[in-house]
Amino acid sequence: MSYIPDPNAVFPNAYGTTCFIKNVVTAPNITIGDYTYYDDDSDPTGFERNNVLFNWPEFGDHLIIGKFCAIAQGTKFVMGPANHRMCSVTTYPFAVFGGLWAEKTPAHLSQLPRKGDIVVGNDVWFGRECLILPGTTIGDGAIIAARSVVAGEVPPYTVAGGNPARPIRARFDAELTQLLLRVRWWDLPPEQLADLLPVLCSPDLERVRTHLRALARPSPR
């Protein structure tokens, strides 16, 4: 009998390299949506330890990743405490070494620049070894090319890449993009989503467009 993959499984398939990371992350300032996975042939369950860098929750920033994102091996998210003080003539973090240095300098975290949260939408694909910097916002359906360094904003359904990453092209025309953002297929109940998969995975974009128009149409009262 066929089954629907369990979003609460750590390893959802037989490969052993793919981990639904919401089930292994523990930091209070990290939120991961259902079915978002990290793939790594050595330590997929170590995502929080190895791939979320300089995460000190007391700093106050957050990492928020939506549903159905695919994160390739080596992709890293850099949190705000990775930054150094830039408001003074030296950027050296004297306070972190303790002793008289800590006594003579202001509290370290209080002087760091604050770029804001990292917010990733739904159905975002990260290629290998991307680096996502503090304050980045990535829209639904975006694709981030391998080894890109991302700061700022990536619009929904945009392919972006490079260092620094820049938009390369829109994935779809404006109408299809808006239909996808209205339908929000990632929020459908599991059984309804399973029925929609032949449409979502079809290369016939006109068929997809027609189907999404019907889904986006308000129900008669």
### Task
State which residue is farthest from residue 128 (Cα to Cα) when the search covers only the range 1-10 and only residues that are in contact with a helix residue (DSSP H, G or I) (Cβ under 8 Å, 6 or more places away or on another chain) and in contact (Cβ under 8 Å) with a residue 24 or more places away in the chain.
4
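Considering only the range 152-171, state which residues are hydrophobic (A, V, I, L, M, F, W, C) and crowded, with 18+ Cβ neighbours inside 10 Å.
Matches in the range 152-171: 154, 160, 165.
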### Task
Kindly indicate whether any position in the range 45-53 is assigned by TED's automatic domain parsing to the domain that holds residue 138, under 17 Å from residue 132 (Cα atoms) and assigned to a strand (DSSP E or B).
yes
### Answer residue from the range 26-50, given it is crowded, with 17+ Cβ neighbours inside 10 Å and either modelled with pLDDT under 95 or among the aliphatic types (A, V, I, L, M) (or both) and is nearest to the chain's Cα centre (by Cα) among those
32
### Message
So the check is Cβ under 8 Å with 6+ separation or different chains; which pairs have a first residue in the range 175-195 that's free of Cβ contacts under 8 Å to residues at least 40 places away in the same chain and within 19 Å of residue 3 (Cβ to Cβ) and a second one that's among the aliphatic types (A, V, I, L, M) and surrounded by 14 or more Cβ atoms within 10 Å (Cβ to Cβ)?
### Response
188/196
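For the subset of the range 62-77 comprising residues that are part of a loop (DSSP other than H, G, I, E, B) and out of contact with any Lys or Arg (no Cβ under 6 Å at 6 or more places or on another chain), which member is surrounded by the fewest Cβ atoms within 10 Å (Cβ to Cβ)?
To start, the set of residues in the range 62-77 that are part of a loop (DSSP other than H, G, I, E, B) comprises 62, 66-69, 72-75.
Among the residues that remain, those that are also out of contact with any Lys or Arg (no Cβ under 6 Å at 6 or more places or on another chain) are: 62, 66-69, 75.
Details: 62: 18, 66: 22, 67: 20, 68: 20, 69: 24, 75: 24.
So, considering only residues that are part of a loop (DSSP other than H, G, I, E, B) and out of contact with any Lys or Arg (no Cβ under 6 Å at 6 or more places or on another chain), the one surrounded by the fewest Cβ atoms within 10 Å (Cβ to Cβ) is 62.
The values are calculated or read from the model by the stated rules, or taken from the named source; none is laboratory data. Everything numeric in this text was worked out from a predicted model, so none of it was measured. Methodologically, a virtual Cβ is constructed for each residue, glycine included, from the backbone with ideal geometry; neighbour enumeration extends over all protein chains shown.
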